[in-house]
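Before any comments, here is the structure.
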Amino acid sequence: MFSQDEVDCALSLLDETFADPEQPDPYRFVVAADVEDAALVLGYACFGTTPLTHGTCDLYWIAVDPALHGGGIGRVLFDEVARVLRADGQHQLVIETSSRADYEPTRAFYLRVGCVEEARVRDFYSRGDDKVFYVRRLATS
């Protein structure tokens with residue numbers, strides 16, 4: 001579903017993080033791997049703190065092998081991101097996505113995992129393609 005530019009962007013976040021693992025606020029990753037072959041990545045999520053905020057984080061990417069969609073891997077990844085952020089004392093997770101029709105399953109996924117649509121910027125990506133913001137509030141103990 002991702003364009004080549006989107007794939008290149010996602011890969012650049014991996015490259016940036018692993019090129020300098022000692023940087024002060026790196027991107028963070030959660031990976032779902034095959035139980036029998038840990039080298040086989042089934043999906044991953046990339047997230048990090050939002051600059052100049054206190055307790056707000058961004059979910060940059062969450063991707064699952066298309067052949068495995070609907071199998072619960074995305075939910076496991078999302079729940080693990082939320083767990084890690086709660087443990088770190090973060091209070092909300094912000095997600096940005098497209099309003100295009102082919103992103104409808106993605107938007108439905110965010111609603112299923114407890115996100116709410118917080119805002120929309122009309123015609124952001126192109127005419128008729130809005131940027132949709134979802135937020136998941138993270139209860140902390």
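The values are calculated or read from the model by the stated rules, or taken from the named source; none is laboratory data. Source: prediction; values computed, not measured. Here Cβ is always computed from backbone atoms with ideal geometry, including for glycine, and neighbour counts include all displayed protein chains.
Details
- Only residues that are touching a strand residue (DSSP E or B) at 6+ places or on another chain (Cβ under 9 Å), loosely packed, with under 11 Cβ neighbours inside 10 Å and either polar (S, T, N, Q) or closer than 24 Å to Gly72 by Cβ (or both) were counted across region 107-123, and they come to 0.
This table checks each residue for (1) surrounded by 16 or more Cβ atoms within 10 Å (Cβ to Cβ); (2) of a type in the set (A, V, I, L, M, F, W, C); (3) at positive phi; (4) under 12 Å from the mean Cα position of the chain (by Cα).
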{"position": "Asp8", "(1), (2), (3), (4)": "no, no, no, no"}
{"position": "Tyr27", "(1), (2), (3), (4)": "yes, no, no, yes"}
{"position": "Val35", "(1), (2), (3), (4)": "no, yes, no, no"}
{"position": "Ala45", "(1), (2), (3), (4)": "yes, yes, no, yes"}
{"position": "Pro51", "(1), (2), (3), (4)": "no, no, no, no"}
{"position": "Gly72", "(1), (2), (3), (4)": "no, no, yes, no"}
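- Residues of region 21-39 that are of a type outside the set (D, E, K, R) and outside any loop (DSSP other than H, G, I, E, B): Phe29, Val30, Val31, Ala32, Ala33.
- Checking each residue in region 124-141 for being buried (at least 17 other Cβ atoms within 10 Å of the Cβ) and hydroxyl-bearing (Ser, Thr, Tyr) picks out only Tyr134.
- Where strands (runs of 3 or more DSSP E) sit wholly within region 40-141, none has at least 3 residues that are farther than 20 Å from Leu14 by Cβ, in contact with a Gly (Cβ under 8 Å, 6 or more places away or on another chain) and at pLDDT 95 or above.
- Residues (closer than 17 Å to Val31 by Cβ and either surrounded by 16 or more Cβ atoms within 10 Å (Cβ to Cβ) or in contact (Cβ under 8 Å) with a residue 40 or more places away in the chain (or both)) located in region 74-101: Gly74, Val76, Leu77, Phe78, Glu80, Val81, Ala82, Val84, Leu85
- Within the option set Phe18, Phe2, being out of contact with any Leu (no Cβ under 6 Å at 6 or more places or on another chain), part of a helix (DSSP H, G or I) and aromatic (Phe, Trp, Tyr) holds for one residue only, Phe18.
- Matching residues in region 53-70 - criterion: being in contact (Cβ under 8 Å) with a residue 40 or more places away in the chain and either more than 28 Å from Asp123 (Cα to Cα) or loosely packed, with under 13 Cβ neighbours inside 10 Å (or both): Pro66
- For region 64-77, the tally of residues that are under 15 Å from Arg136 (Cβ atoms) and in contact with a helix residue (DSSP H, G or I) (Cβ under 8 Å, 6 or more places away or on another chain) stands at 2.
- Selected residue [closer than 30 Å to Arg127 by Cα and either acidic (Asp, Glu) or surrounded by fewer than 17 Cβ atoms within 10 Å (Cβ to Cβ) (or both)] from Glu22, Glu104: Glu104
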